[in-house]
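The values are calculated or read from the model by the stated rules, or taken from the named source; none is laboratory data. All values derive from a computational prediction rather than experimental measurement. Don't worry about glycine lacking a Cβ; one is built from the backbone with ideal geometry, like all the others, and counts go over all protein chains shown. With ligands, DNA and RNA removed, areas are computed over all heavy atoms of the protein, side chains included. Shrake-Rupley method; radii C 1.70, N 1.55, O 1.52, S 1.80 Å.
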Amino acid sequence: MNNKIFNTFKHGDSKTKTVLATMLAGLFVSVVLLVVSIIAFNGTLTFISIILLVLVLAYIFGTDFSKEAVEREYREKQKAEKRAERERKKAEEDDEPGALEWVSDKDDKKSEKDDERAEDHKGHDFDDPLAQYDEKKLKKVMVEYKVRQEHVMVLVDSCKKENIMQCPGFLWKDKAYVYLLLLEAEPRIIKYPLSEYSELKVRVNVAAKPSDEYDNMKNDTYIARLYSPMVPNYIQGEDPRTHRSTYKKNLYGVGPDIWLTALSIKNVQRILSLNPVLADSRMNTDNYGIYFKEVYIARLMYRDGIYTGNEYKDQVLITLSDLAANAVNDGEFVENLSQMQTNGLIPQEYVDYASQKRNQYKKAGKR
């Protein structure tokens, strides 16, 4: 036993020496307890100390410390080899520049292949898939998916067809298609024909629950800092029956029912020329004329921060001029103006402006 202990302390590794030292300390404590229990005539303590002494001696005599050291060294070697292999793979990455000059620089490499991406994600919080995207990773993704220089940031609220929910992304177009790159746990790109979707659909007063929405935008991540200013403008109200607070939001649809937050639309307008139309609104009936709906939509877009005050004013005046010039008869003209004023869309001075325009067109024989 003495030779075994001596050789272990002389040739063993640090972990083996620590284990043996702990066992020897346990042996010493058990012997002391045994002596004290005999002197004190304490049967229970004597029994416990004997059990402890037997266990410690059994472990020391029954353990091949040299074998344990060898096995531990083998495991450490295996781990080191795996780490070296991962580093080798990273070192072998293609050094060619990215596909897009505007987003890459001389130090950028081609995006990682799918079988290497799992290594990149290690250490990230997968409760928030956006945590993986720092500035460098985002550039690589944009290069990989060939995002054009003329792109804009958008925040997708929902799309049932494509199974999208509260997801940031980038939107751009070419001559034939509109493209949307979604920043999900695994980036995804969808596209739709540019020529088939010329409308910007507006959904009004969609039920919302801010506390349960856009959780990823509430975290301190690179993507959250970029996109959190684009979360919906929630409209607070009160349920007349329960007197509890209610929340609504307005959404704007592009393509095949891809619903974006309101503050995405100012960006979208830089890329796409779309005609706003109402969808799922009590105003979207034949009881309201097209000019009324145009002014109503313009007010919604102003309140949602899409139009500035001057842009809103210009849109309203353009619509009133169109009404004055194109109303089939005075009855239609007056009815449209009355609806707008009754519903609080325009003040009296705008009614007067439209009436003056109408008289000018009539005198000029252009109605």
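Could you list, in sequence order, the residues of the stretch 270-293 that are within 28 Å of residue 172 (Cα to Cα) and open to solvent by 80 Å² or more (accessible area, probe 1.4 Å)?
270, 273, 275, 280
Which number in (1) assigned to a helix (DSSP H, G or I); (2) free of Cβ contacts under 8 Å to residues at least 24 places away in the same chain marks the one condition that residue 224 misses?
(2)
What are the residues in the stretch 201-236 that are acidic (Asp, Glu) and open to solvent by 70 Å² or more (accessible area, probe 1.4 Å), if any?
212, 215, 220
Filter the stretch 318-351 down to the residues that are acidic (Asp, Glu) and surrounded by 11 or more Cβ atoms within 10 Å (Cβ to Cβ), then identify the one that is farthest from residue 298 (Cα to Cα).
Within the stretch 318-351, the match that is farthest from residue 298 (Cα to Cα) is 330.
Can you name the residue in the stretch 146-195 that is outside any strand (DSSP E or B) and of a type in the set (Gly, Ala, Ser) and is also surrounded by the most Cβ atoms within 10 Å (Cβ to Cβ) among such residues?
185
Return yes or no: is residue 205 in a helix (DSSP H, G or I) and touching a residue at least 12 places away in the same chain (Cβ under 8 Å)?
no
For residues that are open to solvent by less than 70 Å² (accessible area, probe 1.4 Å), at negative phi and not hydroxyl-bearing (Ser, Thr, Tyr), tally how many sit in the stretch 242-255.
Of the residues in the stretch 242-255, 5 are open to solvent by less than 70 Å² (accessible area, probe 1.4 Å), at negative phi and not hydroxyl-bearing (Ser, Thr, Tyr).
Of (1) in a helix (DSSP H, G or I); (2) closer than 21 Å to residue 251 by Cα; (3) touching a residue at least 24 places away in the same chain (Cβ under 8 Å); (4) small (Gly, Ala, Ser), residue 305 satisfies all except one. Which?
Of everything listed in (1) in a helix (DSSP H, G or I); (2) closer than 21 Å to residue 251 by Cα; (3) touching a residue at least 24 places away in the same chain (Cβ under 8 Å); (4) small (Gly, Ala, Ser), residue 305 misses just condition (1).
Which condition number in (1) under 48 Å from the mean Cα position of the chain (by Cα); (2) under 17 Å from residue 287 (Cβ atoms); (3) without any contact (Cβ under 8 Å) to a residue 40 or more places away in the chain is the one that residue 343 fails?
Unmet condition: (3).
When you scan the stretch 297-314, do you find a residue that is among the β-branched types (Val, Ile, Thr) and open to solvent by less than 20 Å² (accessible area, probe 1.4 Å), even just one?
yes
Tally up the residues in the stretch 354-365 that are of a type outside the set (Lys, Arg) and either within 30 Å of residue 231 (Cβ to Cβ) or open to solvent by 70 Å² or more (accessible area, probe 1.4 Å) (or both), please.
The qualifying residues number 3.
Does residue 239 satisfy the condition of being modelled with pLDDT under 95, open to solvent by 40 Å² or more (accessible area, probe 1.4 Å) and at negative phi?
No.
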